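What follows is a single structure, written as structure tokens, with notes after it.
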Amino acid sequence: MPRAALTFSVARTMEEPDRKRFRLERDLYRGLLELNTREDPGPFLEGALRLIVDVLGADQGYLEVAHANEEEPLWTASGCSDDQVQLIRTIVSRGIIQQAMAQGQPVVCPSAILDPRFKDRPSVQAARIEAVLCVPIVRKTPIGVLYVTGHRAGGSFAPEEVERATTFARYLSPQIESLFIRLRQRAADCMAPFRKKLKLGDVAGESAALARVIRQVEVMSPLDVSILITGEIGTGKSQLARLIHDNGRRQQHRFVELNCAALPENLIESELFGHEAGAFTGAVRRSEGKVAAAERGTLFLDEVAELSLGAQAKLLTFLQTKKYFRVGGSAELTADVRIIAATNKELEDEVRDRRFREDLYFRLLVLAVRMPSLSERREDIPILARHFAAQAQSRHNLTPRELSPGALRALESNAWKGNLRELANTIERGVIQAEGENAEWIEASHLFETCGQPGAGRRATFHEETRRFQAAFVQRTLESVDWNVAAAARIMDLTRAHTYNLIRTFELELTRKKRPSEPPPDPFKARLERGRRRPDSDP
């Protein structure tokens, strides 16, 4: 056999076990990432068990986890008949499971019916249990167990399979805890009573603080009176005004918004009440104004504290009489409009400092509602974050990506002085950054520039560890084929383009350039060689 052919044959023989191991690891971690998007415990546990049973090549599997809100644990089985499930759940191999739970360590045996630790148990003998692998799922204390039996290849579970099952259980634990947290939050959804009664649009959240506001909306909306909305910058006052309109008697008519802080003082009155042609320089034609535009509907005055005192006087007159004049006009006009005003300032302080009319303040303050800051409804942050991420991805036509648990923790711990507006902008930036890097998830590093690699005092998140594994996996594969990208793509069962994307994402191109290479030629030696070849130096 030619030497080249022999070398190729040996290389193929050496690569086969590695290729199989790489594919198993890839499928396991890919499956773990996909499982994290499940919201319901049933499909989540079923998918998790199917994944590990397939990876281990087991005949049967059983997965059980304790749920703090339930008297009975949650469980699922794979490859078992109803009778076998009942047997497992009641008496079969409880000694094995109890030992794994008590010790916090995996229990593995080639044949339970021959193992001195378990062979005398009636349940083991009755079910003729052969190869068994039992791994506890631990989160400070054991919260569940993974139990598989019957190796399709025969014999016991190999050490590398035990390690895969242990790794799987370790990474499954925080996902289960996160799932239960979501379930508890869903059970404590304070907004549930209002979802069927009111038009909530794209209002996201389930907190008690938000529910208190929506309860006020339910009362205020049908009443045709002025409303004052207060709250910090970016808390969603405009959205609340729209919600009041959409659930009120005027919902079939227009909702008109005017930001009083966005216009110069000399244009506010014109924008609000309209003007006649020639009323001032540049007024070449008549303008109806926002009051007329909102006829029979709602006029929302955002940042109402920024109105000039002159505009405040005219607004007060309109609120009292429903009558007004266009700027430069003499005809008295009438409008049927509901006024909703909003401000982030303390109007009592503005009144005391004579920057806001006291009579207008009390006229607006027929009904008042305060929007809570994001710090008062932190339990809504994960819901809002996912909501804003979906909006940004749809708006920019980007690939749908989930926020990693590490990213959600970083969002929950942030101060959010800009409230919903700051959160939405941060999420949009993260969505775009993740798209640019072709990342699997939206990570904390995409959201905040200061979030980098884990440092002292902070443990790596599941997704940080997963990305680190992926980078090492790709690099290891590339090095095994001497950086032949096409060969590496075949081993990893990926397209060549995706492999190149991973190289760029994990900056493996830099690693390759740093690999040892032949030393550069000696310039002095090269010059000497050229001198020796010069024609005039020949004998």
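The values are calculated or read from the model by the stated rules, or taken from the named source; none is laboratory data. Please read these numbers as outputs of a predicted model, since none were measured by experiment. Every residue, glycine among them, receives a Cβ derived from its backbone with ideal geometry; neighbour counts consider all protein chains shown.
Quick test for you: out of 267, 210, pick the one residue that is within 25 Å of residue 388 (Cα to Cα) and either assigned by TED's automatic domain parsing to the domain that holds residue 350 or surrounded by 20 or more Cβ atoms within 10 Å (Cβ to Cβ) (or both).
On inspection, the qualifying residue turns out to be 210.
Take the conditions charged (D, E, K, R) and either buried (at least 20 other Cβ atoms within 10 Å of the Cβ) or out of contact with any Cys (no Cβ under 8 Å at 6 or more places or on another chain) (or both) and apply them to residue 303. Does it pass?
In short, no.
List, please: which pairs have Cβ atoms under 7 Å, are six or more places apart or on different chains, and start with a residue in region 346-371 that is closer than 18 Å to residue 215 by Cα and end with one that is part of a helix (DSSP H, G or I) and of a type outside the set (A, V, I, L, M)?
Short answer, once both residue conditions are applied: 369/216; 371/237.
For residue 435, are the conditions met, namely being assigned to a helix (DSSP H, G or I) and either buried (at least 17 other Cβ atoms within 10 Å of the Cβ) or modelled with pLDDT under 90 (or both)?
Yes.
Would you tally the residues in region 278-295 being surrounded by fewer than 13 Cβ atoms within 10 Å (Cβ to Cβ) and either on the phi > 0 side of the Ramachandran plot or touching a Phe, Trp or Tyr at 6+ places or on another chain (Cβ under 9 Å) (or both)?
Selection size over region 278-295: 2.
Is it the case, given these coordinates, that residue 262 is buried (at least 17 other Cβ atoms within 10 Å of the Cβ) and either among the small types (Gly, Ala, Ser) or not in a helix (DSSP H, G or I) (or both)?
No, not satisfied.
Does at least one position in region 231-248 carry a residue that is of a type in the set (Ser, Thr, Tyr), in contact with an Asp or Glu (Cβ under 7 Å, 6 or more places away or on another chain) and closer than 24 Å to residue 372 by Cα?
Checking region 231-248: at least one residue is of a type in the set (Ser, Thr, Tyr), in contact with an Asp or Glu (Cβ under 7 Å, 6 or more places away or on another chain) and closer than 24 Å to residue 372 by Cα.
Out of curiosity, is residue 261 within 29 Å of the chain's Cα centre (by Cα) and over 23 Å from residue 390 (Cβ atoms)?
No; evaluated as a whole, the condition is false for this residue.
Counting only residues that are within 18 Å of residue 288 (Cα to Cα) and among the hydroxyl-bearing types (Ser, Thr, Tyr), which one in region 318-335 is surrounded by the most Cβ atoms within 10 Å (Cβ to Cβ)?
Ranking the candidates gives 324 first.
Can you find a residue that is modelled with pLDDT under 80, part of a loop (DSSP other than H, G, I, E, B) and more than 19 Å from the chain's Cα centre (by Cα) anywhere in region 212-225?
No, because not a single residue in region 212-225 is modelled with pLDDT under 80, part of a loop (DSSP other than H, G, I, E, B) and more than 19 Å from the chain's Cα centre (by Cα).
Among the residues that make up region 248-258, is at least one of them free of Cβ contacts under 8 Å to residues at least 60 places away in the same chain, under 18 Å from residue 360 (Cβ atoms) and in contact with a strand residue (DSSP E or B) (Cβ under 8 Å, 6 or more places away or on another chain)?
Scanning region 248-258, I find at least one residue that is free of Cβ contacts under 8 Å to residues at least 60 places away in the same chain, under 18 Å from residue 360 (Cβ atoms) and in contact with a strand residue (DSSP E or B) (Cβ under 8 Å, 6 or more places away or on another chain), so the answer is yes.
Give me the pairs, please: first residue somewhere in region 297-314 and within 11 Å of residue 357 (Cα to Cα) and in the same structural domain as residue 223 (by TED's automatic domain parsing), second residue anywhere and modelled with pLDDT of 90 or more and of a type in the set (D, E, K, R), beta-carbon distance under 6 Å, and either six or more positions apart or on two chains.
305/345; 305/350; 312/357
State which residue is nearest to residue 274 (Cα to Cα) when the search covers only region 327-339 and only residues that are more than 50 Å from the chain's Cα centre (by Cα) and touching a residue at least 24 places away in the same chain (Cβ under 8 Å).
Restricting to residues being more than 50 Å from the chain's Cα centre (by Cα) and touching a residue at least 24 places away in the same chain (Cβ under 8 Å), the top hit is 327.
Please determine, by comparing only the residues of region 442-461 that are touching a helix residue (DSSP H, G or I) at 6+ places or on another chain (Cβ under 7 Å) and surrounded by fewer than 20 Cβ atoms within 10 Å (Cβ to Cβ), which one is modelled with the lowest pLDDT.
The extreme case among them is 454.
Among (1) assigned by TED's automatic domain parsing to the domain that holds residue 106; (2) over 26 Å from residue 383 (Cα atoms); (3) surrounded by 14 or more Cβ atoms within 10 Å (Cβ to Cβ), there is one condition residue 227 misses while meeting the rest; what is its number?
It is condition (1) that residue 227 fails.
Got at least one residue in region 237-255 being part of a loop (DSSP other than H, G, I, E, B) and hydroxyl-bearing (Ser, Thr, Tyr)?
Within region 237-255, none of the residues are part of a loop (DSSP other than H, G, I, E, B) and hydroxyl-bearing (Ser, Thr, Tyr).
Taking the condition of being hydrophobic (A, V, I, L, M, F, W, C) and in contact with an Asp or Glu (Cβ under 8 Å, 6 or more places away or on another chain), how many residues in region 316-340 meet it?
5
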